[in-house]
Amino acid sequence: MKISSGKALLLSLSVFGLTACGGGSSDSDASSPSTSPTSSQQPTPAGSLKVVNPIPDLTAKVGVDFNFEIPTNTCESTSGQAVSYGITRLTNASGLTLVNFEALVGKPTKPNTVLVTVTCRTASSSVKDEFKIVITEDNVAPTVDAGSDQSVKAGEKITLSALAADINTQDEVVSYEWVQVGENMDAIDIIDGNSSSASFIAPDVEIEETFTFSVTVKDKSGAEATDTVDVKVVSRFVPDVNVHFPLQSSYTNADKLDVFGAVDVKNGASLSKVVLDANGTVFEATVDAANGTWRATDVDTLNVDTMTVKATDSKGLSSSVELTLSSDQDAVTVIPNDIVDIGLDSKNDTLYVQTTGLLVRDNQTHALDLQKGTASVLNIQPAGSDFDTSKVYSFTFDENSNQMLLGFSNGTGGALMSVEPSNLQLKLITSSDVGHPVDIVVGNNGTVYLVDNNNESVSSVDLNTGNRTLVAGPDSTPLAVDAPIAAAFNPNDNSIILAANSAIDYPFLRVDTGSVNSVSIVNGASNISISDLEVNEKTNTLYYINADSSLVAFDLTTEKESVLIENLINSNDFFSPSTGAGLAMDTDTGLLFVVGKSRTTFNNIVVVVDTVSGDYIQL
């Protein structure tokens, strides 16, 4: 008897009140059914139709292809009538599939005993033959993975995790055992050593040592498997290496960059040496042991995607970090809408970017993770005030109070609000109109100053009460505050540097915060509608984007101006007192963050500038 491969009829075993799954299989891969030496069937008594060759009991293996077709000599008609065959009952199919009622095919899914009834028919009578298919399973040992090798510091808690599996359908992993093995057998107390996840406290080591651990798993049948993992433990006194520039995963198309950072040395050691490996090319950095800082100049970055920085202290302990660079400009962070300003939370390595636009929904606060290079839009909740649907005109992050400060204006009045990163809830600070708040700066001791374009004034603000105190206004001497658009606080003399919203050259103003209405000219500097200002207190330098789209450094001590980077940010939008570019200074690292429109793509980009070398990257 042959089964048509082109028109095979696959029937669900639910026809027989049973369930089965699976399908056909190739003859080349199928295993021939094994036969039992005995059968429960006996030939039927003499008659016109009888079973002459009872089908013996068969055996099958879980997961192995099985094929069975009804033998055509199972029954015989003494009257010479044609005999047809069909499987009319199937119990405990276990993954076998009935094909055209004449065959069973498939891979058994579990150990079981399948009961099969075959019916022989002629035109006038029928007889049945019954047999069994005994499905067995060879026990396969479980598998286990002890995880990747680890490297930790002495004193840290280490977790060992095992991933085990058992493919046997009637078996499972029932036990785990973690033990210390290998040459280094310094006693380590393993916690929860009979579970899939064990742990231990890394012991003290002089420099570094490697410890090996094995995990053995067993199943119910007693089969077992073992795997090992190495844990390298380094001294708790190894130096901590920090790379300040360039930032992790940043983009650059420069052939060379200065790379610099700091090293935290311990246990009375001093920084001895820092070496960089840029795709196989080694650069030795200049080390300032007294301050624990280092800088490598003109490091090749062309076609370099990873860089390793290794620091060694005076006691011979060393550690390293890996820095990733990107050459894919399409991967840089793009900020939509118009830039209001930016704020830096250096403690949590977060840069906040505030945007605005024609619609209320364009008021967005973006948070950039400077360690991971990721960006997200914060879901800030409204304060329930009249200014919730107003436009944002100013923004900063106050690291003293750990909150964002935003200046709103609805055209007739303005307000100062705050947002804490922990709850993202807007909170109204000022209870009376503040005019048109174009900038917010934070001074010494956390004093917050609000710059009002409408009232041409600078006021200090009590963040607890919302009360404002005038610092300088239109009646100031020897100069009046005139159309301010941007400001920066200079801690070196407790002054506020002001830029005016002007279409012609107009001098910067210096507001003395120690007295009232004391305003003077900053000699040697003038501007045309500068969008934002920032001061590096360590170098007493003022930074801004000028009308030529260049980043300018103005030395407040020598009163000399120099262009640090030409054509950095498009300055065409700077005549509006609400949009343009935002600047934020990290005084500790000397990095200047700049956000504004690119001169080439005209998208808002995030640029990080090394103010020493003038090198810059994009996030």
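The values are calculated or read from the model by the stated rules, or taken from the named source; none is laboratory data. What you are looking at is a predicted structure, and each value in this text was computed from that prediction instead of being measured. When we count neighbours, we look across all protein chains shown, and the Cβ atoms used for this are built from the backbone with ideal geometry, even at glycine. Remember, those area values only see protein heavy atoms, side chains included, never the ligands or the DNA or RNA. Shrake-Rupley method; radii C 1.70, N 1.55, O 1.52, S 1.80 Å.
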Which is surrounded by fewer than 18 Cβ atoms within 10 Å (Cβ to Cβ), at pLDDT below 95 and either among the aromatic types (Phe, Trp, Tyr) or in contact with a helix residue (DSSP H, G or I) (Cβ under 9 Å, 6 or more places away or on another chain) (or both), of Asn445, Asn400, Asn454, Asn410?
Asn400
With the range 260-329 as the region, which strands (runs of 3 or more DSSP E) entirely inside it contain at least 1 residues that are modelled with pLDDT of 90 or more, touching a Leu at 6+ places or on another chain (Cβ under 8 Å) and farther than 30 Å from Ser598 by Cα?
281-284, 286-288, 293-300, 306-313
Cβ pairs under 8 Å, 6+ apart, first in the range 597-617 and free of Cβ contacts under 8 Å to residues at least 12 places away in the same chain, second open to solvent by 10 Å² or more (accessible area, probe 1.4 Å):
none
From the list Asp255, Asp230, Asp264, which residue is closer than 30 Å to Ser327 by Cβ and surrounded by fewer than 22 Cβ atoms within 10 Å (Cβ to Cβ)?
Asp255
Residues of the range 66-94 being open to solvent by 20 Å² or more (accessible area, probe 1.4 Å) and in a loop (DSSP other than H, G, I, E, B), in sequence order, are Pro71, Thr72, Asn73, Thr78, Ser79, Gly80, Gln81, Ala82, Val83, Asn92
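State the number of residues belonging to the range 145-172 that are more than 19 Å from Ile190 (Cβ to Cβ) and either of a type outside the set (D, E, K, R) or surrounded by 15 or more Cβ atoms within 10 Å (Cβ to Cβ) (or both). Step through it out loud before you land on a result.
As a first pass, look at the range 145-172 and keep what is more than 19 Å from Ile190 (Cβ to Cβ): 165-172.
Those left that are additionally either of a type outside the set (D, E, K, R) or surrounded by 15 or more Cβ atoms within 10 Å (Cβ to Cβ) (or both): 165-171.
So the answer is 7.
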Which of (1) open to solvent by less than 20 Å² (accessible area, probe 1.4 Å); (2) in a loop (DSSP other than H, G, I, E, B) is the odd one out, the single condition Gln354 does not satisfy?
(2)
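So which residues in the range 206-231 are closer than 15 Å to Ala154 by Cβ and either small (Gly, Ala, Ser) or over 33 Å from the mean Cα position of the chain (by Cα) (or both), if there are any at all? Steps first, answer last, please.
Initial filter on the range 206-231 (closer than 15 Å to Ala154 by Cβ): 206-211, 231.
Glu206 - this is the single residue of the range 206-231 that is closer than 15 Å to Ala154 by Cβ and either small (Gly, Ala, Ser) or over 33 Å from the mean Cα position of the chain (by Cα) (or both).
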Name the pairs whose Cβ atoms lie under 9 Å apart, with the first residue in the range 295-322 and at positive phi and of a type outside the set (S, T, N, Q), the second open to solvent by 50 Å² or more (accessible area, probe 1.4 Å) and not in a loop (DSSP other than H, G, I, E, B), and 6 or more positions between them or separate chains?
Asp298/Lys256; Gly316/Ser272
Condition (residue is at pLDDT below 90, in a strand (DSSP E or B) and touching a Pro at 6+ places or on another chain (Cβ under 6 Å)) applied to the range 547-569: is it met by at least one residue?
no
Of the residues in the range 327-350 that are more than 17 Å from Gln403 (Cβ to Cβ) and of a type in the set (Ser, Thr, Tyr), the one that is least open to solvent (accessible area, probe 1.4 Å) is Thr333
Residues of the range 192-213 being crowded, with 17+ Cβ neighbours inside 10 Å and touching a residue at least 60 places away in the same chain (Cβ under 8 Å), in sequence order, are Phe213
Inter-residue pairs, beta-carbon under 9 Å, first touching a residue at least 24 places away in the same chain (Cβ under 8 Å) and over 16 Å from Thr109 (Cβ atoms) and in the range 56-76, second of a type in the set (Lys, Arg) and assigned to a loop (DSSP other than H, G, I, E, B), 6+ apart:
Glu69/Lys2
